[in-house]
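These notes are about the structure you will find just below.
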Amino acid sequence: MTDRRDAILRLWGRQLYERQGEPLAWAEAVLETTGRPPTAITAAMSGRLDALPDAPSDPAWLLFRTVGKLVANLRGDGLYDADVGARIGPLALRLGELEPLLASPLGDALGPPPDGPASLVTVHAAELSGHRSIRVRAIDALLEWAELGHAQARAALSQVVSDHRTQDVTVWTKALNRIALFGHASLEPGLLRALADTGHRGVRWSALACAELGFRRAVPLITALLEHPDPMVREGACQALGLFAEPAAVPALTARLNDETDWVRSRAAQALGQIGGDQALAGLWQAMRERRDPKAGHLSSAIAAFGPPVVDDLITLTTDPDPDLRALACRALGSTADDRALPALERLAAHDLARTSLGGLVATAARQGLRTAHRMRARTAST
């Protein structure tokens, strides 16, 4: 119940601020209801909190300083401070109880508090059809209630996800980013339709949501997205296929190791490491040997994810004539944190002064690998 009470106060505070056409004018009107001197109001509205006296036992001053702090934040960085805003409503109620003459003007300035979660969720669900700024605030509020387990909020979010064609793309993607809060099997048809609409700006998030919910019928559609012209969509498709750990996607993901965009290459390598298997490992080895790119840390990290079976091959690679490959082997061995890797890394750290094509020393890569290995081993020992 405490969580719900706190959520009500947070949302009320946000309502008090966001639903005003002119937030600063609204703040000034609230300050004027406290009956404090015009000079103090002027100081607060200018953001000079140091000009306000401390009177912690006076609820009017507490309200005054709280609103003044909100104003200072708005004057400073232009951002609403939820922690500050959530205190305004309760302070105003308390002040109205202690000073009845102020209750009416405070009520006019603040409006009534929400009467509970159901009323707020109903309001926010209705706001999804408002103008864009209101829709975005409403989806944030519904996600807060869904996190608290409110069934009505989860139902409203499910309705948002059911048809991408009716939703603002920002609202759609915000909902999909938190699909684990409310997702269930009945959402699969709508998400598959969204995934098939490859021109939709939210298709990346559709792929990730399908993976999050384990909708395996989406795998062929997601695999096709690896050829999408937008690198963000290709990267999201790689990530989704990694979450599925889908062996059938290995050939298509291996092709993405040569993608023109570096972060797509990196995500493809990570996905292959998540999927595992001989075919995925072979693709990673081939890419690392062919590219001979000392910046291809994503390849060495993905190979290291295969664990003990790759350690001997990585140790052998530390003797390769190519300094770039030796440096990549050092990084990968460090990430395995395997006992067998330490002597090879120590040898290269002490003696390999060859330089990679980027100008770095192989010895430096070996020392980095040693630090990584020791850090991982220490972390494992402490758990």
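Descriptive notes on the structure:
- Taken over segment 293-313, the residue count meeting the criterion of being farther than 17 Å from Ala269 by Cα and surrounded by 21 or more Cβ atoms within 10 Å (Cβ to Cβ) is 0.
- Residue in segment 76-92 that is of a type outside the set (Ser, Thr, Tyr), modelled with pLDDT under 75, loosely packed, with under 13 Cβ neighbours inside 10 Å and more than 33 Å from the chain's Cα centre (by Cα) present: no
- Every residue from segment 231-266 that is open to solvent by 60 Å² or more (accessible area, probe 1.4 Å) and either within 27 Å of Leu187 (Cα to Cα) or touching a Leu at 6+ places or on another chain (Cβ under 8 Å) (or both): Met232, Leu243, Pro247, Ala248
- Residue match in segment 187-205 (condition: within 20 Å of Glu147 (Cα to Cα), free of Cβ contacts under 8 Å to residues at least 40 places away in the same chain and either touching a Ser or Thr at 6+ places or on another chain (Cβ under 7 Å) or crowded, with 20+ Cβ neighbours inside 10 Å (or both)): yes
- Matching residues in segment 142-168 - criterion: being in contact with a Lys or Arg (Cβ under 9 Å, 6 or more places away or on another chain), in a helix (DSSP H, G or I) and over 20 Å from Trp205 (Cα atoms): Trp145
- Any chance Ala354 is touching a Lys or Arg at 6+ places or on another chain (Cβ under 8 Å) and not acidic (Asp, Glu): yes
- Helices (runs of 4 or more DSSP H) fully within segment 279-383 that include at least 1 residues being more than 33 Å from the chain's Cα centre (by Cα): 311-317, 323-336, 341-351, 362-382.
- Only listed residue being farther than 30 Å from Thr34 by Cβ and at pLDDT 80 or above, chosen from Val136, Val121: Val136
- Single condition Ser382 does not satisfy, out of (1) open to solvent by 10 Å² or more (accessible area, probe 1.4 Å); (2) touching a residue at least 24 places away in the same chain (Cβ under 8 Å): (2)
Conditions (1) of a type in the set (A, V, I, L, M, F, W, C); (2) more than 17 Å from Trp285 (Cβ to Cβ), marked per residue:
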{"residue": "Asp322", "(1), (2)": "no, no"}
{"residue": "Leu325", "(1), (2)": "yes, no"}
{"residue": "Arg331", "(1), (2)": "no, no"}
{"residue": "Thr336", "(1), (2)": "no, no"}
{"residue": "Leu353", "(1), (2)": "yes, yes"}
{"residue": "Gly359", "(1), (2)": "no, yes"}
{"residue": "Arg367", "(1), (2)": "no, yes"}
{"residue": "Leu370", "(1), (2)": "yes, yes"}
{"residue": "Ser382", "(1), (2)": "no, yes"}
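- Residues in segment 274-286 that are among the aliphatic types (A, V, I, L, M) and in contact with an Asp or Glu (Cβ under 9 Å, 6 or more places away or on another chain): Ile275 alone.
- Pairing residues of segment 254-275 that are among the hydrophobic types (A, V, I, L, M, F, W, C) with residues that are outside any helix (DSSP H, G or I) and open to solvent by less than 10 Å² (accessible area, probe 1.4 Å), at Cβ distances under 8 Å and at least 6 apart in sequence or on separate chains, gives Ala268/Asp259.
- The set of residues in segment 206-220 that are open to solvent by 50 Å² or more (accessible area, probe 1.4 Å) and within 19 Å of Gln167 (Cβ to Cβ) contains only Glu212.
- Test: Trp172 is among the aromatic types (Phe, Trp, Tyr), at pLDDT 85 or above and open to solvent by 40 Å² or more (accessible area, probe 1.4 Å): no
- Residue within segment 181-190 that is in a helix (DSSP H, G or I), more than 20 Å from Ala155 (Cα to Cα) and over 17 Å from the mean Cα position of the chain (by Cα) present: no
- Test: residue in segment 271-285 that is more than 30 Å from Glu260 (Cβ to Cβ) and loosely packed, with under 14 Cβ neighbours inside 10 Å: no
The values are calculated or read from the model by the stated rules, or taken from the named source; none is laboratory data. Note that the structure is a prediction, hence the values are computed from the model and not measured. As a convention, Cβ positions derive from the backbone with ideal geometry for all residues, glycine included, and neighbour counts pool all protein chains shown. Side chains included, ligands, DNA and RNA excluded: accessible areas come from the protein's heavy atoms. Shrake-Rupley method; radii C 1.70, N 1.55, O 1.52, S 1.80 Å.
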